[in-house]
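Q: This is the structure I have questions about; it appears just below.
The values are calculated or read from the model by the stated rules, or taken from the named source; none is laboratory data. These figures come from a predicted structure and were not determined experimentally. So basically every Cβ, Gly included, is an ideal-geometry build from the backbone, and we count neighbours across all protein chains shown.
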Amino acid sequence: MSSLPNLGRILLPVIVLAAGLVAWEAVVDVNDIQPYVLPGPLLVFQTLIRDWTVLSESLGVTLLTTLEGFVAAAVVGVALALLFNQSRALEYSLFPYAVILQVTPVIAIAPLLLIYLPQQTAVVVCAWIVGFFPVLSNTTLGLNSVDRNLAGLFRLYGASRLQTLRYLKLPAALPYILGGLRIAGGLSLIGAVVAEIAAGTAGAGSGLAFRIAEAGYRLNIPRMFAALLLLSAAGIVIYGLLALISHLVLRRWHESALGKEN
Amino acid sequence: MADTASSEGEFGSVAVRLRGVTKVYDNGVTALGPLDLEVARGEFVSLLGPSGCGKSTALRLIAGLATPSSGAVSVSHRAGEADRRHPVGFVFQEPTLMPWASVRENVRLPLKLSHAPAGEADARVHEALAQVGLAEFADAFPRELSGGMKMRVSLARALVTDPDILLMDEPFAALDEITRFRLNNDLLDLWRNLKKTVVFVTHSVFESVYLSQRVIVMTSRPGRISSEFRIDTPEPRVEDFRMSSGYAGYCREVSKALSPSYAGASGA
């Protein structure tokens, strides 16, 4: 456990970021590029602060949509996987449609959903559609990856279906479920953004993606960058939170959460 | 499992009985039998043979983990026992522990599955861990243990329901020789003290002769019993037995009986 590699993991990307920002600013200054073509990072940052009231409100809207979509994806994904695990007939009947829902690009579904559903619901449904499949397929994989001898042991001691599920299958599937959730978190954000762009309505309740589209129409490029920055930050925070939860849950036993040595 | 159970009365001194048992796989390959086998109460019997001779299959049939294609498998139940008292304990080739649960929870599993009262379960778990010398490691996780200790946990879990019959499927095959010898001795101690019936599957001549009262040599394709050896030596067996000329003699005899089956396997 030398401290140098750990320090490097934080320091090196920060150095790259700083170098990139300096180079960006220099290119804009030296070539005298206009802000409506490419704003420098300083201007983007200033815009972020100046437009904070508008942007933060929109960030809140997008995050709420993402959260609702993510929770729905987690609940439905795990619940469906459990049902499929208990009943083959149900799995054969429904799984192809889950795949179809997954492979159809959500940006093509969004306009249709916006016709049939209230806008806010449609946006959440989009976030859900993109997020739920990784949870479903990962949980299914986890439930089917149970050690065969352990399964035999449970049969030997006459375990009921519920006991096998609770004491064997769910704990064995937990690392897979958490992996699925980690993917679903980021995807829910993407789903929410896609749906917001497709919805394209102005007004008080509009999310960050709409702010980007709107700023684009007005050639307010610095604000586009500022909104984009917020979206990236949101994505990073979501991923970081889910990775942290996963680590805390698995740290006592799972290989993925253990140190390199041992 | 109901048809495999019999009361003590009709069984007398027999703990396990296999009559004309065969196992044919779905692809038509006969893995086992026909096999006739009787194991007496309190006896230590080894099934010895090359890989693929069906010795593990025979063990799984006795445990009820697989069903025979024909023939009858019966396992004696102690008369008047409570439901909780499972008649057999099974030790797999791998430790087969739940990595997400502590040693204590792993050993408690059979009791939890049969809804044993918490207090009674605690006492049984503690006793079983003490029997295998792991009382201090109750709170450890499997990954923190060595291979030999994991196997001890697995043994404790098999003992925790206080079964009459202990079925062991090459339990020490993956361990180093030093650990293996020590576990052999500990197993013999447990067998003497707890008076269990043990059916022990192994492909090691030396291990089978050292441990068993009776060594049953099996041939492969299909798995059949080719010969039987009674290992008569004054009790208690201790480490000295490994060095004795009697032990070497038994090992030579058993090896000779085994060699045709090895030749058969390599010729196939």
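Q: Hey, can you tell me all the residues within region B:75-92 that are in a loop (DSSP other than H, G, I, E, B) and at pLDDT 90 or above?
A: Taking region B:75-92 as the starting set, the residues that turn out to be in a loop (DSSP other than H, G, I, E, B) are B:77-87, B:92.
Selection gives B:92 alone.
Every residue, every condition in (1) touching a residue at least 12 places away in the same chain (Cβ under 8 Å); (2) of a type in the set (Ser, Thr, Tyr), yes or no:
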site	(1), (2)
A:101	yes, no
A:104	no, yes
A:114	yes, no
A:125	yes, no
A:144	yes, no
A:159	no, no
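Q: Can you tell me which of (1) in a helix (DSSP H, G or I); (2) out of contact with any helix residue (DSSP H, G or I) (no Cβ under 7 Å at 6 or more places or on another chain); (3) of a type in the set (D, E, K, R); (4) more than 30 Å from residue A:120 (Cα to Cα) is the one residue A:25 doesn't meet?
A: (2)
Q: Criterion first (in contact with a Pro (Cβ under 9 Å, 6 or more places away or on another chain), surrounded by fewer than 17 Cβ atoms within 10 Å (Cβ to Cβ) and not assigned by TED's automatic domain parsing to the domain that holds residue B:107) does residue B:192 satisfy it? Steps first, please.
A: Working: in contact with a Pro (Cβ under 9 Å, 6 or more places away or on another chain): yes; surrounded by fewer than 17 Cβ atoms within 10 Å (Cβ to Cβ): yes; not assigned by TED's automatic domain parsing to the domain that holds residue B:107: yes.
Spelling it out, residue B:192 is indeed in contact with a Pro (Cβ under 9 Å, 6 or more places away or on another chain), surrounded by fewer than 17 Cβ atoms within 10 Å (Cβ to Cβ) and not assigned by TED's automatic domain parsing to the domain that holds residue B:107.
Q: Going through B:118, B:72 one at a time, which residue ends up being farther than 26 Å from residue A:146 by Cα, at pLDDT below 90, in the same structural domain as residue B:23 (by TED's automatic domain parsing) and of a type in the set (A, V, I, L, M, F, W, C)? Step through it out loud before you land on a result.
A: Numbers: B:118 fails: in the same structural domain as residue B:23 (by TED's automatic domain parsing).
After ruling out the rest, the residue left standing is B:72.
Q: Here's a follow-up. Pick from region A:125-163 the residues that are more than 14 Å from every other protein chain (Cβ to nearest Cβ) and of a type in the set (Phe, Trp, Tyr): which of them is farthest from the chain's Cα centre (by Cα)?
A: Keep residues of region A:125-163 that are more than 14 Å from every other protein chain (Cβ to nearest Cβ), which gives A:125-141, A:143-144.
Next, from what is left, pick out any that are of a type in the set (Phe, Trp, Tyr): A:128, A:132-133.
Working: A:128: 10, A:132: 11, A:133: 12 Å.
Per the stated criteria, the residue is A:133.
Q: Residues in region A:165-182: is at least one in a loop (DSSP other than H, G, I, E, B), out of contact with any Pro (no Cβ under 6 Å at 6 or more places or on another chain) and within 11 Å of another protein chain (Cβ to nearest Cβ)?
A: Within region A:165-182, the first condition is being in a loop (DSSP other than H, G, I, E, B), and the residues that meet it are none.
Checking region A:165-182: not a single residue is in a loop (DSSP other than H, G, I, E, B), out of contact with any Pro (no Cβ under 6 Å at 6 or more places or on another chain) and within 11 Å of another protein chain (Cβ to nearest Cβ).
Q: Let me ask another. From B:105, B:38, grab the single residue that is modelled with pLDDT of 90 or more, surrounded by fewer than 18 Cβ atoms within 10 Å (Cβ to Cβ) and assigned to a helix (DSSP H, G or I). So that I can check it myself, show each step before the final result.
A: Working: B:38 fails: assigned to a helix (DSSP H, G or I).
On inspection, the qualifying residue turns out to be B:105.
Q: Looking at the structure I just gave you, is residue B:207 of a type in the set (Asp, Glu), in contact with a strand residue (DSSP E or B) (Cβ under 7 Å, 6 or more places away or on another chain) and either part of a helix (DSSP H, G or I) or surrounded by fewer than 17 Cβ atoms within 10 Å (Cβ to Cβ) (or both)? Write out each step before concluding.
A: Details: of a type in the set (Asp, Glu): yes; in contact with a strand residue (DSSP E or B) (Cβ under 7 Å, 6 or more places away or on another chain): no; either part of a helix (DSSP H, G or I) or surrounded by fewer than 17 Cβ atoms within 10 Å (Cβ to Cβ) (or both): yes.
It is false that residue B:207 is of a type in the set (Asp, Glu), in contact with a strand residue (DSSP E or B) (Cβ under 7 Å, 6 or more places away or on another chain) and either part of a helix (DSSP H, G or I) or surrounded by fewer than 17 Cβ atoms within 10 Å (Cβ to Cβ) (or both).
Q: For region B:151-159, state whether one or more residues are crowded, with 20+ Cβ neighbours inside 10 Å, over 19 Å from residue A:154 (Cβ atoms), within 14 Å of chain A (Cβ to nearest Cβ) and modelled with pLDDT of 90 or more.
A: Let us first name the residues in region B:151-159 that are crowded, with 20+ Cβ neighbours inside 10 Å, namely B:151-159.
Among the residues that remain, those that are also over 19 Å from residue A:154 (Cβ atoms) are: B:151-152.
Next, from what is left, pick out any that are within 14 Å of chain A (Cβ to nearest Cβ): B:151.
Of the ones still in play, those that are also modelled with pLDDT of 90 or more are B:151.
Yes, because at least one residue in region B:151-159 is crowded, with 20+ Cβ neighbours inside 10 Å, over 19 Å from residue A:154 (Cβ atoms), within 14 Å of chain A (Cβ to nearest Cβ) and modelled with pLDDT of 90 or more.
Q: Something else about it: What are the pairs with Cβ atoms under 6 angstrom where one residue, in region B:151-169, is assigned by TED's automatic domain parsing to the domain that holds residue B:62 and the other, located anywhere, is polar (S, T, N, Q) and part of a loop (DSSP other than H, G, I, E, B)? Sequence gap at least six, or different chains.
A: B:169/B:93
Rundown of residues vs (1) more than 16 Å from the chain's Cα centre (by Cα); (2) over 21 Å from residue B:196 (Cα atoms); (3) surrounded by fewer than 19 Cβ atoms within 10 Å (Cβ to Cβ), yes/no style:
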| residue | (1), (2), (3) |
| --- | --- |
| B:109 | yes, no, no |
| B:117 | yes, yes, yes |
| B:122 | yes, yes, yes |
| B:129 | yes, no, no |
| B:133 | yes, no, yes |
